[in-house]
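Asker: Before I ask anything, let me first share the structure, which is written out below as structure tokens.
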Amino acid sequence: MGHQFRFYLDPAAIEGLEVRFDPGESHHLSGVLRRGTGAEIEATNGLGELFAVRLTGKWGGQWHGEIVERTAAPEAELLPLALALPCLKGDRWELALEAACELGTGEVWLVDYRQAAVAWSPARADRARRKAVEALKQSGGTRLTRILGPCRPADLLQIFPGEQIYLADAEGQPLEGIQTPALLVVGPEAGWSGEEEALFRQAGAKRFSLGSRRLRSEIASIAALAALSMKLNT
């Protein structure tokens, strides 16, 4: 499959050999790249599969097609790593989310902290999921990072045991090793509340340092992801 562009197919839109692209991908196909009926394109379902698809027609603003070839991509699984991402003002959170997805992070949890300046609205959460698809296409991957939440810190502690939670904290110690699956927690720029601090401490979460400089939350997320990814790959 030597196609130049790769598109995303929602697994729910694949029925046998028939497929349907959502309105966003359909616009990209014909409105941007000028693909039309009969064109063959490459697509992925975000689950590690690649498809050669022949476009058969456009109805209701959505392109339809038929699968010509279906193969399993020779790509490693997503990292056994999750990022707890705070919402940030403007679009600053997008940088951290895009980096997480392009690095192959398994999950990104959208977390609302008590002292955060903004919360994860439904519109922001929907945009985060669209950004994950864009990052998948940008990186040429075939496995889509799961975007979960919004949730509260206490919800995370119902899913991840304390020994698998890693807090990026200036008062922490250099990272020695990592137990997977791991959850990386980066707080909002105003910091965690006393109640949230107590929750993580009582759960036995591990604190690790990213150095002596004070980092913005989105930069801290990227630096911490890189540090944990290096530990996983060595």
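Taken together, the values in this text are just the output of simple stated rules run on the coordinates, not laboratory data. Note that the coordinates shown come from a computational prediction; the quantities given were computed from them, not determined experimentally. Positions of Cβ are generated from backbone atoms using ideal geometry, with glycine treated the same way; all protein chains shown enter the neighbour counts.
Asker: Taking 0.36 nm per intervening residue step and subtracting the Cα-Cα distance, what contour gain separates E171 from Q115 on full extension?
Answerer: 18.2 nm
Asker: Loop by DSSP (not H, G, I, E, B), at most 12 other beta-carbon atoms within 10 Å: where is the longest site-free stretch of the chain for GluC sites (Glu not before Pro)? Mind dumping the intermediate values first?
Answerer: Values: sites that count: E77, E176.
My reading of the result: 78-175 is the longest stretch.
Asker: Treating only the Cβ atoms of Lys and Arg (+1) and Asp and Glu (-1) as charged, compute the dipole magnitude of the chain about its Cα centre; round to the nearest 20 debye.
Answerer: I would put it at about 480 debye.
Asker: Sticking with this one: Of G187, L210, A100, which is farthest along the charge dipole of segment 79-232 in the positive direction, counting Lys and Arg as +1 and Asp and Glu as -1 at C-beta?
Answerer: A100
Asker: While we're looking at this one, here's another question. Taking 0.36 nm per residue of sequence separation and subtracting the Cα-Cα distance, how much length would be gained by fully extending the chain between R213 and I67, in nm to one decimal?
Answerer: 47.4 nm
Asker: Using the alpha-carbon atoms, what tilt in degrees (0 to 90, nearest 10) does helix 194-203 show relative to the longest principal axis of the chain?
Answerer: Roughly 80 degrees, rounded to the nearest 10.
Asker: May I pose another question? Under 17 Å Cα-Cα from K89, which aspartates and glutamates qualify once same-chain neighbours fewer than 8 residues away are excluded?
Answerer: By straight Cα distance, K89 reaches E98, D112, D126, E189, E218.
Asker: Around E197, with a cut-off of 13 angstrom between Cβ atoms, what is the net charge of the other residues, counting Lys and Arg +1 and Asp and Glu -1?
Answerer: Around E197, the charge tally is -1.
Asker: Calculated from the structure, Rg/Rh (Cα atoms, Kirkwood Rh) equals which of (i) 0.98; (ii) 1.10; (iii) 1.04?
Answerer: Computed from the coordinates, Rg/Rh (Cα atoms, Kirkwood Rh) corresponds to (iii).
Asker: Oh, and also: Out of the DSSP beta bridges found with both residues in the chain, what percent are antiparallel (nearest 5)?
Answerer: 45 percent
Asker: Can you sort K58, K131, K89 so the residue with the fewest Cβ neighbours within 10 Å comes first?
Answerer: By the 10 Å Cβ count, ascending, the order reads K89, K58, K131.
Asker: What is the calculated FRET efficiency for A190 to H27, with r their C-beta to C-beta distance and R₀ = 41 Å, to the nearest 0.05? Provide the component values of the computation, followed by the final result.
Answerer: Values: r = 39 Å, r/R0 = 0.94.
With R0 = 41 Å, the Cβ-Cβ based efficiency is 0.60.
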